[in-house]
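The values are calculated or read from the model by the stated rules, or taken from the named source; none is laboratory data. What you are looking at is a predicted structure, and each value in this text was computed from that prediction instead of being measured. When we count neighbours, we look across all protein chains shown, and the Cβ atoms used for this are built from the backbone with ideal geometry, even at glycine. These accessible areas exclude ligands, DNA and RNA; they are computed on the full protein's heavy atoms, side chains included. Shrake-Rupley method; radii C 1.70, N 1.55, O 1.52, S 1.80 Å.
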Amino acid sequence: MTPAPTHSIIILTKDRPGLLPRAVASALAAMGEDGEILVVDDASVLPAREVLSGLYAAPLRILRRDVSCGISAARNAGIEASRGPVIFFLDDDDVLAPDYVRTILDGPARAFDFGFAACAIAVDGGRPTPERPRFPTGPIPDAAPLRKKLCGTGMGFWIRREVAVEAGPFATDLPINEDTDYVCRLIARGRRAWYSASPGVTVHHHAGPRNLPNVTHRLSASERARAMLLVCNRFPSMASHLGRSFLRHCAKAGLHEEAIRYLHSLSDPRLRLSLSVYFRMKRLGYWLSGASG
């Protein structure tokens, strides 16, 4: 009988046949002998099983969805199907650092609930440039600004399975910012987080007709604003940061009435004033640059 894996690496993919093999190869190199890789194919035109035919191995499983269900539902399906007590996420256009998974399993995953890492950024296949770390390697301070505590699942995000089960699934009503919503949920529940200052993943910014663009580039500022408003409404105590994100998208999309309505809903007069000034400055900046809707 095959022993259960000690960890799972989940890779969501949709229509990135030119990039997916690189991501999977990096996961195979990083997972060691006791892990598993689960690729969730969200109805790609060219199925992931065909794209990965040369890399197929026992630790690699492919979950195919014949009808696209969106990123959150696909991620939830991956969590449900995975077997490891520690879950890592990797975007299908990015690359795991070879020692990142083992470093997390040998230390932080034994004492902390979730975590993420600094990244290196590579543009169109260029040389990766490490980003400036948010914190030293170690526990994320409770008093740190929310903007530094938040992360995307593409930032070497990992979570212990029991914590993921308790937190519940990723929100399927959000076309974007579902990872922000998820991490806010973990923070609100007092879950302990770990940060790795050494890059755990190389994030690739890319262009090209063969690979689907990032969801941020596929959605309008209006769509991004309305998704962020849902997150703001779920976590009103975090409005100082989340509200800025919502208002920034409103300023770019020209959603003046929506922004004013949100500002009027805030009960803290100091926060309302601060965010009102922020919105007006952003609105003016986008108008001067010609980027507003």
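When Arg147 is tested against (1) surrounded by 16 or more Cβ atoms within 10 Å (Cβ to Cβ); (2) modelled with pLDDT of 95 or more; (3) among the charged types (D, E, K, R), only condition (1) is not met. Within the option set Arg132, Arg127, being more than 17 Å from Met155 (Cβ to Cβ) and basic (Lys, Arg) holds for one residue only, Arg127.
Matching residues to (1) open to solvent by less than 10 Å² (accessible area, probe 1.4 Å); (2) closer than 30 Å to Pro130 by Cβ:
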position: Ile9; (1), (2): yes, yes
position: Leu12; (1), (2): no, yes
position: Ile37; (1), (2): yes, yes
position: Val45; (1), (2): no, no
position: Glu50; (1), (2): no, no
position: Leu60; (1), (2): yes, yes
position: Gly70; (1), (2): no, no
position: Asp91; (1), (2): no, yes
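Conditions (1) modelled with pLDDT under 95; (2) among the hydrophobic types (A, V, I, L, M, F, W, C); (3) closer than 17 Å to Arg234 by Cα, marked per residue:
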residue	(1), (2), (3)
Gly154	yes, no, no
Pro175	yes, no, yes
Leu186	no, yes, yes
Gly190	no, no, yes
Ser198	no, no, no
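Looking only at the stretch 152-186, residues that are open to solvent by less than 10 Å² (accessible area, probe 1.4 Å), more than 23 Å from Ala30 (Cβ to Cβ) and either of a type in the set (A, V, I, L, M) or touching a strand residue (DSSP E or B) at 6+ places or on another chain (Cβ under 9 Å) (or both) come to 3 in all. Of all residue pairs spaced 6 or more apart or on separate chains, those with beta-carbon atoms under 9 Å, a first member in the stretch 172-193 that is at positive phi and a second member that is part of a loop (DSSP other than H, G, I, E, B) and open to solvent by 30 Å² or more (accessible area, probe 1.4 Å) are Gly190/Asp142. Residue count for the stretch 1-50, restricted to those that are over 14 Å from Leu63 (Cβ atoms), more than 23 Å from the chain's Cα centre (by Cα) and not small (Gly, Ala, Ser): 9. Can you find a residue in the stretch 173-182 that is out of contact with any Lys or Arg (no Cβ under 8 Å at 6 or more places or on another chain) and β-branched (Val, Ile, Thr)? Among the residues of the stretch 173-182, at least one is out of contact with any Lys or Arg (no Cβ under 8 Å at 6 or more places or on another chain) and β-branched (Val, Ile, Thr), which makes the answer yes. Evaluated against (1) at pLDDT below 85; (2) over 30 Å from Ala27 (Cβ atoms), Glu223 falls short on exactly one condition, (1). One residue stands out in the stretch 105-144 among those that are of a type in the set (D, E, K, R) and assigned to a loop (DSSP other than H, G, I, E, B): the one that is modelled with the lowest pLDDT, namely Asp124.
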